[in-house]
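Report on one structure; see the data block that follows.
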Amino acid sequence: MLTRKEYEAAQRRAAAMIEEAGVVVTAEESGRVEVADFGLSRLDQEGAQILTLVATDRIAAKIIVLFEGQTLPEHWHPRVGEDPGKEETVRVVRGTLRCYVPGEDILREGFVPQGKQDAYTVRHELLLGPGGQTTLLPGTKHWFQAGAGGVVMYSFSTVARDILDQFTDSNVQRVTRIID
Ligand code: ZN
């Protein structure tokens, strides 16, 4: 749950970071950056700002902005019928992305959000700077965290069905509630 004021402030902050990163978006697009608190009501610690550039029945391209120290909770993209699940490539434009995937626990630069040890189970750390990218195969658990100054990145994927994404933290609700 976010107040309208918090939601709009995060939207403006994300839009400014997109502009500073040199990514050209229209005024209409920067006005519809989605602010997600994942139902956890602590946006600065766990959340994400997402601008969908295109989403069809086959592909999606988004810009994801994370503020400094903000973590996008651990999740995976499950199989849906005939579709094996979303395959996603993230590519950093500005800042440093800490990306966590299955493998040896080498978490060093980043941190697990306070009190959430059980909700962040994959700890293999990839550090990606501008131009760095990685591909997350369907069903692979992952979570993202911004380094100093925040991060602006692209997410290119097969069809996105955000509402069906699975999160390790059972308290997550994918739809953000806004109160006036
Ligand atoms: Zn994902």
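The values are calculated or read from the model by the stated rules, or taken from the named source; none is laboratory data. Being a predicted model, the structure only gives us computed values, none of them experimental. Positions of Cβ are generated from backbone atoms using ideal geometry, with glycine treated the same way; all protein chains shown enter the neighbour counts. All accessible areas refer to the heavy atoms of the entire protein, side chains included, with ligands and DNA or RNA removed. Shrake-Rupley method; radii C 1.70, N 1.55, O 1.52, S 1.80 Å.
Heavy-atom accessible surface of Arg161, to the nearest 10 Å², is about 90 Å², with a 1.4 Å probe and all protein chains retained. For Leu107, the residues whose modelled amide H falls within less than 5 Å of its own, excluding neighbours fewer than 5 places apart on the same chain, are Glu125.
Which value in deg cm²/dmol, rounded to the nearest 500, describes the helix-derived mean residue ellipticity at 222 nm for the chain, given -39,500 (n - 2.57) per DSSP H run of n ≥ 4 and division by the residue count? Present the calculation step by step, with values, prior to reporting the outcome.
Values: 2 runs with 21 residues, N = 180.
That calculation yields -3500 deg cm²/dmol at 222 nm.
Expressed as a rounded percentage, what relative contact order does the stretch 1-55 have, with Cα pairs under 8 Å and six or more residues apart? Walk me through the numbers on the way to the answer.
Details: 52 pairs, mean separation 19.5, N = 55.
About 35 percent, as a whole number.
Rolling a 1.4 angstrom probe over the protein chains, ignoring ligands and nucleic acids, what is the accessible area of Glu34 in square angstrom, nearest 10? Near enough 60 Å² of accessible area.
Once you order the gyration tensor axes a ≥ b ≥ c over the Cα atoms, which shape class does the chain get: rounded for a/c under 1.5, otherwise prolate or oblate by comparing a/b with b/c? Cα axes put the chain in the rounded bin. Taken about its Cα centre, the stretch 69-149 carries a charge dipole of roughly 240 debye when the Cβ of each Lys and Arg holds +1 and the Cβ of each Asp and Glu holds -1. The distance linking the stretch 146-162 with the stretch 1-75 is 9 Å (Cα centroid to Cα centroid, whole angstrom). Restricting the calculation to Cα atoms, the stretch 1-50 yields a radius of gyration followed by a Dmax of 11.0, 31 Å.
Roughly speaking, what is the stretch gain from Glu29 to Ala148, that is 0.36 nm per residue apart minus the C-alpha to C-alpha distance, in nm to one decimal? Don't jump to the answer; show the numbers that get you there.
On the way: separation 119, 0.36 × 119 = 42.84 nm, distance 2.55 nm.
Full extension from Glu29 to Ala148 adds 40.3 nm.
Shape verdict for the stretch 99-180, please, from the Cα gyration tensor: rounded (a/c under 1.5), prolate (a/b greater than b/c) or oblate.
Values: a/c = 1.36, a/b = 1.20, b/c = 1.13.
Rounded, because the longest to shortest axis ratio a/c is under 1.5.
Place a +1 charge on the Cβ of each Lys and Arg in the chain and a -1 charge on the Cβ of each Asp and Glu, then give the dipole magnitude about the Cα centre in debye, rounded to the nearest 20. Intermediate values should be presented prior to the final figure.
Values: 20 positive and 26 negative charges, 16 e Å.
With Lys and Arg at +1 and Asp and Glu at -1, about 80 debye.
In this simple spin-label model, placing a label point 7 Å from the Cα along the Cα-to-Cβ direction at both Asp180 and Arg42 gives a separation of 3.0 nm. Length gained on full extension, Leu107 to Met1: 35.2 nm, using 0.36 nm per residue less the C-alpha separation. Size descriptors for the stretch 39-103: radius of gyration and Dmax over Cα atoms are 13.5, 38 Å. Remark: accessible surface ordering of Ser30, Ser155, Ser41 (largest first) is Ser41, Ser30, Ser155, probe radius 1.4 Å.
Evaluating 6.51 cos²θ - 1.76 cosθ + 1.60 at θ = phi - 60° for every residue in the stretch 128-137, the Karplus couplings come out as 10, x, x, x, x, 8, 8, 10, 9, 6 Hz, glycine and proline recorded as x. For a Förster distance of 30 Å, can you work out the FRET efficiency between the beta-carbons of Thr135 and Ile163, rounded to the nearest 0.05? Given R0 = 30 Å and the Cβ-Cβ separation, E is 0.85.
Sorted by packing (mean other beta-carbon atoms within 10 Å per residue), highest first, where do 62-71, 109-118 land?
Working: 62-71: 22.0, 109-118: 13.6.
So the order, starting with the most tightly packed, is 62-71, 109-118.
Sorting Phe144, Phe167 by solvent-accessible area of protein heavy atoms yields Phe167, Phe144, largest first, with a 1.4 Å probe. Solvent-accessible surface (1.4 Å probe) assigned to Arg4 amounts to roughly 90 Å².
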